[in-house]
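Quick notes on the structure that follows.
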Amino acid sequence: METALADNATPPVFYQTDDEHAHAGGSTLLGFWIYLMSDALIFATLFATFGVLNSSFAGGPTPHDIFDLKLVAFNTAVLLVSALTCGLAMISMQAGKLRLLQIWLAVTALLGIVFVSVELNEFHHLIVDGATPQRSAYLSAFFTLVGTHGLHVTFGVIWIGVMLVQLAQRGLHAENCRRLMCLSMFWHFLDVIWIGVFTFVYLLGTLS
Amino acid sequence: MSNETAAHDHAHDEHEEVIHFKLGGYLTGFAVAAIMTAIPFWIAMAHPIGNAVVAASIVVAFAVAQILVQTVAFLHVNARAQGGWTLVAYVFTAVLLLIIVGGSLWIMHHLASNMMPGATNDAPGRGF
């Protein structure tokens, strides 16, 4: 008890010599990167599930019956161009050109909306034709994997919308630049995941 | 005060290290990615390669290569970014991804091989 009192009497000594805010911007980007890596593991499990159930058609439709590669090629092109426009937005941000940044972000969002619309249209046709997630394990895995990616793109579009409002109201300050860099990483990450989706789901599905 | 300025300078340096968006890098990355997308689609749509296994292997090889190209050109992963931690996290994720996907396919292939004939209506372990 006495020692405790004695300890209370002396001021506490902190051995933290580094300034916590020294790496504020950098650590946000690294933290966001680690989030993206954990997101990649979600997709890894979905890809693994899809790979295991790849031929569990249960007498239902096979990839040959349901996939339209022209549509997938179009959507792939849309997403790839949106990756370029996202990069152009980052270059505009770097140059401090607010108007140009807003235009490229808007173009990126529009391409994202086109991508999600085409995908939803594809899903709609599949479901109308009876190729629902309930039809076979293969289709369950297909809708889960492709749908999760589509959901990510949808949230990316919402994020771009939020950033456009932020930029219109507050301009190009340091915090917005940091948020935009995270957004850009998120968008490019989704394009990388899509490479896996169009290769393993669509191309290999129709090749085998 | 001087300490704070030093910290700010350091943060600024770090900031400069993080941003290196270059138009040329993006355009090159885009062009290479477009070619690496077009060739697999052509293989799958025009069927120029008769052997399905060879065709599938080439398509997968292009996918892996394009993932690496986009990671470098668009996501700016290199040994210097964030003191190397970006690359470390990336490689670690790649290892986990290979264990999860490869392990699942391997185990389920063995499971399918050990099933009684007729217990599944699928070709065993076709994987991807």
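The values are calculated or read from the model by the stated rules, or taken from the named source; none is laboratory data. On a predicted model such as this, the values are computed, not experimentally measured, just so you know. Cβ: placed from backbone, ideal geometry, glycine included. Neighbour counts: every protein chain shown.
Structural remarks
- Failed criterion for B:Gln70 (all others in (1) touching a Gly at 6+ places or on another chain (Cβ under 7 Å); (2) farther than 28 Å from A:Gly31 by Cβ; (3) among the polar types (S, T, N, Q) hold): (2)
- Lone unmet requirement of (1) modelled with pLDDT under 95; (2) part of a helix (DSSP H, G or I) for B:Val60: (1)
- Filter result for B:Ala73 (buried (at least 16 other Cβ atoms within 10 Å of the Cβ), within 30 Å of A:Ile34 (Cα to Cα), of a type outside the set (S, T, N, Q) and facing chain A (nearest Cβ under 8 Å)): no
- Restricting attention to the stretch A:11-47 and to residues that are at pLDDT 90 or above and of a type in the set (Gly, Ala, Ser), the residue that is farthest from A:Asn176 (Cα to Cα) turns out to be A:Ala44.
- Subset of the stretch A:33-50 that is more than 7 Å from chain B (Cβ to nearest Cβ) and free of Cβ contacts under 8 Å to residues at least 12 places away in the same chain - its residue that is nearest to B:Phe74 (Cα to Cα): A:Tyr35
- In the stretch A:81-101, the residues that are more than 25 Å from A:Gly171 (Cβ to Cβ) and buried (at least 24 other Cβ atoms within 10 Å of the Cβ): A:Ala83
- Condition met for B:Ala79 (closer than 28 Å to B:Gly24 by Cα and either surrounded by 13 or more Cβ atoms within 10 Å (Cβ to Cβ) or modelled with pLDDT of 90 or more (or both)): no
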